[in-house]
Structures are given as structure tokens and as C-alpha cells.
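Structure, as C-alpha cells:
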Amino acid sequence: MRDFKGKTAFITGGASGIGLGLAQTFADAGMNIVIADIEAPVLGAAVSALNARGAQAIGVECDVGDRASYARAADRAFSAFGKVHLLCNNAGVARTGPTWEIVDSDWEWTIGVNLMGMVHGLQIFVPHMKAHGETSHIVTTSSMAGMRSSVAGGPYTATKYAVVGLSEVLAKELAETKIGVSVFCPNNIRSNMPNNGRNRPPRFGGPIDSKSDPHAAEHVVVMQDRNRAGMDPREAGLRVKAGIENDQLFIFSHATERGILEERFQRILGDMDAAAALGPQGALLNRA
Ligand SMILES: NC(=O)c1ccc[n+]([C@@H]2O[C@H](COP(=O)([O-])OP(=O)(O)OC[C@H]3O[C@@H](n4cnc5c(N)ncnc54)[C@H](O)[C@@H]3O)[C@@H](O)[C@H]2O)c1
């Protein structure tokens, strides 16, 4: 997708951090903006700031992990602007701590936002984009944690790998359509992510005060330091826009992470070589 002017972007988690950077980028490119976010007060301020820059923007309170809430937000977008051409599945949360100690409700919260948030978006917007038939794009914010394991915790890494896989499937499924697919794998971007527990809904236990939570406290300090030194979210937005224009499946923020990926791929290939060294199918049974 290269032509953004007059089209509409639907951005989940667009009231803060990377999502707001995306909203500013696509507003500057002449798009109508719908921000769907769970954090109502910040949402209002983000929309006012966008409109003050001359954008046509609306904000819709939405919990992407709740299909009915998502469907209501999409209906608001359709009423306001008719068609949606760019879906940014961006809302995300992270529950940290030793994987085996994370309780089911926190797994459900993380899977609900990071994975089902994307699924709900696809269920609503892919049929819509196919029906209007205009050039469109779906970009999902994964993470470098979707490319290699990290200290960010089991549920976060599992869901970020999941949306990379899902984006690869989607790209194949939509290859013959006018809908492009990308997955954004950022490293450190300045945002409110270290305090993401602020948005845990009551059905999963309510907001988490990261500083007083033994699961999160240690990791949050590391996250805060990295986050503060991170990339400006508007730069991240511009990099995502460039990736969409190039029709890239993978969009990275930091090329400095290349070595870490090479290491992982070498390990995978090395373990594949170990399987090859054992011989073809049946070789071990024949030798037994
Ligand atoms: N900041 C980084 O360094 C970094 C790195 C890799 C990946 N990411 C990913 O980037 C995305 C954006 O995060 P960010 O860093 O900008 O953090 P952020 O906390 O600043 O923004 C996240 C936004 O998502 C919203 N949100 C949370 N739960 C929601 C829900 N259930 N429904 C709708 N909206 C919800 C929040 O209100 C917030 O506006 C996330 O998917 C995150 O995993 C961030």
C-alpha cells in the first residue's frame, strides 16, 4: 500500500507509545484515524492532539481481548468513515515472572490482548477489506521477543511468536488479494510499556502496581531503563510506514539485532544437521 491519503487506519492501543506514533504518522500521511484503546482518559487526550494537528481522528474505548467490545469499536469506525484500509493490531501487554509461576488468569489476559486481539481484528476487518476491494494492509506489532526468547516472560514471548506465525499464514492466505500483511518486530521504543499492568481489566484481577509486585518489580526496572533509551515512537511509526510501502512481511526497528537472529538461526540449522547425522527416516530402527 503506497497511497494513504483519504483512507482510514484503525489502530489498537493507539493512545500511547508505538500506537500513538503510528497514529501520528498515518494522520500526517492524510489518513482518517480511529484509535481503539482501553485507557479512556489518555485516549481522549491522544485524539485531541491528533485533531489539533489537522487530522480527522476519533477515539473508541475498546478491549481488544473482548470480541463484543472490539465489534462495537469497529462499528464506530464504519459509521464515522465508511471503509477501513489499514489495520494496526498494536495493543499489547506483558506479564513477567518465572513462567511456571504465572497464574492462568494472567496467561488469559496476555493471550487475550496480544493474540486474540489480533484474531478479533482479522475476523472483522479481513471480510470488510475483501468486500470493499481497495488496496489495504494489516500490520501487527509483535516484538523482537517474537523472534528470539527474552526476559520479558513466557506469556509475552509465546504470544509474540504466535502473531509472527499468524502473520506468515495470513500473508499466504491473502497473497492473491489487494490486502498486504506485515509484522512489526521492534526492539526498544519509548512508551508506557513498563507500566502496562495499569490496563489489566477487573476480570483478570485489575490493575497491577508493578513496583510492589514481586513478579514484575525486577523486570520492570530493566524494562524502564531500556525503554527510556529507546527509539522515538514517531520514528518507529515512520519505519512501519516505509515497511508497508515496500510491502515487507517483516518490519524491524533496530538492525543492530541481526547478530542475535543469526545466532538463533545457526542453532536451529545446527540441530537440523544433528538430525541429518542420524541418517534418513528408519535409520535408527534399522540399526537397533
Ligand atoms: N516499547 C517497546 O520497546 C516495545 C518493544 C517490542 C514490542 N512492543 C509492543 O508494542 C505494542 C505497543 O506497546 P507500547 O510499547 O507502545 O506500550 P504502551 O503501554 O505505551 O501502549 C500500549 C497501548 O495498548 C493499550 N491497551 C492495553 N490493553 C489493551 C486492551 N485490552 N485493548 C485495547 N488497548 C489496550 C494501552 O492502553 C496503551 O495505550 C505492544 O504490542 C508491545 O508488546 C513494544
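General remarks:
- Residues of the range 1-29 with amide N under 18 Å of the 7 Å Cα→Cβ point at SER79: 10-11
- Loop-resident sites, the range 33-111, for trypsin sites (Lys or Arg not before Pro), counting at most 15 other Cβ within 10 Å (DSSP): ARG53
- Taking the range 125-260 and dividing mean pair separation by its residue count, relative contact order in percent (alpha carbons under 8 Å, at least six apart): 27 percent
- Accessible solvent surface per residue of the chain, calculated while the other protein chains remain in place, 1.4 angstrom probe, Å²: 47 Å²
- Residue ranking by accessible heavy-atom surface, 1.4 Å probe, largest first, among ILE35, ILE18 comes out as ILE18, ILE35.
- Computed over the chain: relative contact order in percent, which uses C-alpha pairs under 8 Å that are six or more apart: 19 percent
- Each part reduced to its alpha carbon centroid, the range 15-89 and the range 139-188 end up 21 Å apart.
- Inter-label distance, THR99 to VAL151: 1.8 nm, where each label sits 7 Å from its Cα along the C-beta direction.
- 3J(HN,Hα) from dihedral phi, the range 282-288, Karplus parametrisation 6.51/-1.76/1.60, rounded to Hz, x for glycine, proline: x, 4, 6, 5, 5, 7, 5
- As a fraction of the 1.4 Å probe accessible area of the range 8-253, surface on carbon and sulfur atoms comes out at 53 percent.
- 10 Å Cβ shell holding at most 14 others, DSSP loop, GluC sites (Glu not before Pro): longest site-free stretch of the chain: 1-133
- For LYS178, the lysines whose Cα comes closer than 16 Å to its Cα, not counting residues fewer than 8 places off in the same chain, are LYS7, LYS83, LYS130.
The values are calculated or read from the model by the stated rules, or taken from the named source; none is laboratory data. Please read all numbers here as calculations on a predicted model, not as lab measurements. For neighbour counting, all protein chains shown are included, and Cβ atoms are generated from backbone atoms with ideal geometry for every residue, glycine included. Protein only, heavy atoms only, side chains kept; ligands, DNA and RNA dropped before computing areas. Shrake-Rupley method; radii C 1.70, N 1.55, O 1.52, S 1.80 Å.
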